[in-house]
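What follows is a set of notes on a single structure, which appears directly below.
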Amino acid sequence: MDGLVILALIWVGIHGVNHVLKRSARSLLPLASVRSDWTVVLKGLHLRVQTTRWNGPHDVLAASLQHTRLVRVLRSVYDLGSVVGVLGMLAALAFLLVTGAASAVSLFHKLWAASEPLAKRSLDPPRPIIPGITVPLAHLPLILLAVFLAQIVHELGHALAAALDGLPLLSAGLSFTLFVPSAFVTFPTATLDTLPPRARARIISAGAFHNILLWLFLLLLASTRLPSLLWSLAYKDVAHAGRVVVAVDDDSPLYAYLPLGSLITTLDDTPLASPNASSSAALWSSYLQDPRPHELSLGWCASLPTSPTTACCAPSPQNTQILTCFTPLSAPGTTHACLDPLPLLGHPTAAKRCTTDVQCAIDEQCIAPLANTNPDTAAYDEIPAQPAPLIRLTVLRPGSPVPEVIVWRGSGIEVFDEVHTSTLTPRLPLALPLLFSLPHTLALLASYLLTASLSLFFFNLLPLPYLDGAAFLRALLAALFASSLSRTYEEEEYALEAGVRWDAREARRYRWRDTLVWLVPEMTLGAVGVCVLLGVLDVYWR
């Protein structure tokens with residue numbers, strides 16, 4: 001809801017500024033404002049800002065590159081980009097077919113298969129990034145920023161490749177539709193169509209080529225120690241002590257208990273201290289993402305009531321939000337009692353830890369939550385474990401030397417998804433909350449930029465209308481048929497208008513080329529539609 005309010009305020013502000021500018025300029029065009037080399041168009045929830053200011057520098061760059069050795073080298077590089085583009089187009093089409101087949105197989109098993117086959121997991125469809133469903137909704141601004149940055153790199157590729165062949169730039173700009181930003185460059189279509197097929201293929205595939213180069217650069221950067229060295233200038237590594245809380249989802253119950261900068265030292269009885277950041281992250285992830293309740297080797301000495309209530313241990317637990325089903329650690333499942341877990345588990349020294357009753361007082365037993373014990377199968381089936389186990393987080397709040405214990409009832413996967421941690425903490429003694437989350441936020445942005453770059457590479461190379469793939473396919477077919485056809489597209493149109501005939505063999509080649517130019521995009525569009533339909537049915541079919 002807060003996001004919708006912010007978005008509404010943004011659009012109100014945009015229309016307000018446009019209204020002020022329109023009145024000050026006394027423009028007769030209510031939805032367009034022109035300022036010298038800038039053009040701003042506002043229609044409803046679509047804002048488009050474009051400029052010709054970069055046309056001059058682009059022409060200067062094109063003129064300076066002509067007839068130099070550098071231009072030949074760069075053309076060879078972008079020719080390689082065309083080859084990569086062909087491979088990317090084939091891979092994108094193959095991925096589309098495999099994804100559709102995986103969705104179809106998954107849907108088939110849901111509809112007709114009596115049991116899940118062993119081979120099903122190998123054909124699971126890919127998991128898309130959907131804010132609010134597959135990733136937190138709070139990641140949406142970072143996802144949009146990552147896609148926007150990948151688009152800028154994409155459009156820069158088109159502009160640089162165009163300069164190599166002297167293709168002038170008409171305009172460059174940005175647009176903002178509803179909540180999605182995008183970037184674009186435009187070239188004169190007539191001039192582009194007169195270029196040789198090889199040059200056109202270079203220019204059209206350059207955007208996707210830049211995306212795959214950005215993806216490779218980010219992978220290479222992540223494999224080096226450079227990011228760690230840069231962060232070490234302003235942050236210190238506390239992997240030897242635990243993990244620092246850098247962000248907690250606003251809607252998480254843990255939000256009020258884990259302030260930014262808190263140091264989590266243990267999970268249950270497992271210390272998080274590790275020799276380095278990577279082993280610390282692996283320990284945090286493996287412990288919390290294990291779907292099985294963690295068995296406790298130590299219990300707590302406590303006195304059980306003479307007539308304890310067992311309602312929370314029944315097959316349909318009652319009042320489980322307050323009480324927890326406890327059982328003797330030495331003989332789990334034999335007897336049970338519903339107790340408040342906080343007096344026992346809520347403080348590091350609240351109760352004596354034990355492994356057997358011998359270690360406790362005469363009137364005490366060594367007990368543990370039933371969900372975190374390992375009873376024999378028969379007793380466990382008769383009295384099921386708690387719906388969700390208990391996880392203890394030992395925490396040092398910022399500025400406090402006294403550890404606190406937070407008792408979480410629920411899945412560890414929820415903690416992993418809602419609480420974001422790192423081993424970096426600011427060196428400044430009084431650090432702003434933003435500084436704690438900055439490394440995590442930038443790492444998250446880099447991961448989404450990595451995904452966006454690879455996604456744009458494959459998506460733009462699909463031979464679909466209005467995408468680079470369709471124009472790239474046309475340029476490839478023109479180059480493929482160039483040796484066997486005597487006319488270009490433009491010469492062919494002129495010949496048709498002039499009534500010039502050609503021999504039957506050449507006419508068949510023209511028809512083959514034109515058929516492929518029309519048929520491949522239509523078939524790809526149909527495959528995308530079928531793939532989306534199967535994916536939606538697979539997700540929502542119960």
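Summary table below
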| item | result |
| --- | --- |
| Prolate/oblate/rounded label for segment 84-242 (Cα gyration tensor, a/c 1.5) | oblate |
| At R0 = 41 Å, FRET efficiency that the Cβ-Cβ distance of residue 189 and residue 537 yields, to 0.05 | 0.55 |
| For segment 207-334, accessible area per residue (1.4 Å probe, heavy atoms of protein chains only), Å² | 52 Å² |
| Net charge contributed by nearby residues that have their C-beta within less than 12 Å of residue 413 (K/R +1, D/E -1) | -3 |
| Relative contact order of segment 408-476, defined on C-alpha pairs under 8 angstrom at six or more residues apart (%) | 14 percent |
| 10 Å beta-carbon shell around residue 263, net charge (K/R +1, D/E -1) | +2 |
| Cβ-Cβ FRET estimate between residue 249 and residue 8, R0 fixed at 22 Å, reported to 0.05 | 0.45 |
| Solvent-accessible area, 1.4 Å probe, carbon plus sulfur percent, for segment 414-469 | 73 percent |
| Peptides 390-397, 215-222, 247-254, 456-463 ordered by average Cβ neighbours within 10 Å, highest first | 456-463, 390-397, 247-254, 215-222 |
| Of all accessible heavy-atom area on segment 195-289, the percent that carbon and sulfur account for (1.4 Å) | 67 percent |
| Estimated distance in nm for a label pair at residue 441 and residue 223, the labels positioned 7 Å out from Cα along Cα-to-Cβ | 3.1 nm |
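The values are calculated or read from the model by the stated rules, or taken from the named source; none is laboratory data. Quick caveat: nothing in here was measured; it's all calculated off a predicted structure. Backbone-built Cβ (ideal geometry, glycine too); neighbour counts: all protein chains shown. Quick note on the areas: whole protein, heavy atoms, side chains included, nothing else; ligands and nucleic acids left out. Shrake-Rupley method; radii C 1.70, N 1.55, O 1.52, S 1.80 Å.
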